[in-house]
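Below you'll find the structure, written out as structure tokens, and then a few comments.
The values are calculated or read from the model by the stated rules, or taken from the named source; none is laboratory data. As the structure is a computational prediction, the values presented were derived from the model and not from experiment. Here the Cβ is made from the backbone with ideal geometry for all residues, glycine too, and neighbour counts use every protein chain on show.
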Amino acid sequence: MGDVLSQSEIDNLLAALSSGELDASEIKDNGERMVKNYDFNRPSKFSKDHLRTLEIIFEHYARLLSTSLPAYLRKNVQVEVVNAEATIYQEFTNSLTNPVLLGIVDFSPLTGNVIIEMAEKLGYTIVDRMLGGVGNPLEKSREFSEIELAIIERIYIVCINLLAEPWTNVAKLEARLKRIETNSQFAQIISPTEMSAIITMNMRIGNVEGMINVCMPYDVLEPVIDKLNTKYWYSTIRGVDKTTNKELVEVAIAKARIPVKAELGRSTISVQDFVNIQKGDIIKLDTKVSDQLGVFVGNIKKFYAFPGTSSDSYAVKISQVINEEE
């Protein structure tokens, strides 16, 4: 409350103004305003909410990669999102080294291409694992051969096919790999000054660790930019009808085929008797003609039944349901 003047201070101030001892212009507000700098070369097209939603999408994508890639690489794979940021495309390309792995992805039905950049040592590790090696990267960098690029392309296609599920709430993607470039100069998909969202993920294949950067230009995301907000995202998730999935699962389980067998009885004989068994020989069972038969579903006894026939086939008539395995 130090800025509040007492009555005596107010009287002294008015007296000084009246006598001319104090100039009113000295205490007048100079009218200066706080100005926020705005860089027209780097317009803020992506808000924090947009970037956060992209992180959520790619966290889902990272989990899919972590569970799917081990089946192809036969090695433990861990993928996690590091961050998401907005930058101009030129800064992204300037940070790349040669050789580099750049997957040019057609992001249909959205117009334009997206780039998935994979660390060089991850590429060498993938090639080594796919060819039966332990998965060690090269000690010295070199250009990728055509055969190595063909092997890496297979993994790229697997990764791109997994994009559809995380993006379901935003757009029904039909993404496909157009080509792989090893030189950033041949990957000028947009203007160098165009804003892009860069999602950085860390991938670990065994003991080898490297970065994966996904470059998404604003022009590609512009048609769905309104859907890239957390309010829309979570409202869409809450609106999913879970009963439909439950019904589909129940229908799929109902169509599953399981073996059912009726056991007439059991007996124990020696190997010698089994080897010498002839047509017409009788094997004595441990059940009587009047006893009920045990009916097994899989390996679990679920029913008791009486034997009989139906038309020209053997059959059993269920007489009791067993609630617990016996």
List pairs: first residue in segment 191-210 and farther than 13 Å from Ile115 by Cβ, second residue among the acidic types (Asp, Glu) anywhere in the structure, Cβ distance under 6 angstrom, at least six positions apart or on different chains.
Asn202/Glu80
Determine, yes or no, whether Thr193 is in contact with a strand residue (DSSP E or B) (Cβ under 7 Å, 6 or more places away or on another chain) and assigned to a strand (DSSP E or B).
no
Restrict the check to segment 156-171 and report whether at least one residue is buried (at least 19 other Cβ atoms within 10 Å of the Cβ), touching a strand residue (DSSP E or B) at 6+ places or on another chain (Cβ under 8 Å) and more than 17 Å from Leu110 (Cα to Cα).
yes
From Val77, Val81, residue being in contact with a Phe, Trp or Tyr (Cβ under 7 Å, 6 or more places away or on another chain), surrounded by 17 or more Cβ atoms within 10 Å (Cβ to Cβ) and of a type in the set (Val, Ile, Thr):
Val81
Does segment 89-102 contain any residue that is within 25 Å of Leu149 (Cα to Cα) and at pLDDT 90 or above?
yes
Does Gly132 satisfy being exposed (fewer than 13 other Cβ atoms within 10 Å of the Cβ), on the phi > 0 side of the Ramachandran plot and modelled with pLDDT of 85 or more?
yes
With respect to the numbered conditions (1) surrounded by 10 or more Cβ atoms within 10 Å (Cβ to Cβ); (2) over 30 Å from Ile56 (Cβ atoms); (3) modelled with pLDDT of 85 or more; (4) under 41 Å from the mean Cα position of the chain (by Cα), which one is the sole condition not fulfilled by Gly298?
(3)
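The rows are residues; the columns are (1) more than 22 Å from the chain's Cα centre (by Cα); (2) β-branched (Val, Ile, Thr); (3) within 21 Å of Tyr61 (Cβ to Cβ).
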site: Tyr89; (1), (2), (3): yes, no, no
site: Asn113; (1), (2), (3): no, no, yes
site: Val134; (1), (2), (3): yes, yes, no
site: Ile152; (1), (2), (3): no, yes, yes
site: Ile157; (1), (2), (3): no, yes, yes
site: Asn161; (1), (2), (3): no, no, yes
site: Leu173; (1), (2), (3): no, no, yes
site: Lys178; (1), (2), (3): no, no, yes
site: Glu181; (1), (2), (3): yes, no, no
Can you tell me how many residues within segment 103-118 are over 22 Å from Val170 (Cα atoms) and touching a Ser or Thr at 6+ places or on another chain (Cβ under 9 Å)?
1
Suppose we keep only residues that are surrounded by 13 or more Cβ atoms within 10 Å (Cβ to Cβ) and polar (S, T, N, Q) within segment 264-295. Which one would you say is farthest from Val321 (Cα to Cα)?
Thr287
Those residues of segment 251-289 which are β-branched (Val, Ile, Thr) and part of a loop (DSSP other than H, G, I, E, B) amount to Ile258, Thr268, Ile269, Ile277, Ile282, Ile283, Thr287, Val289
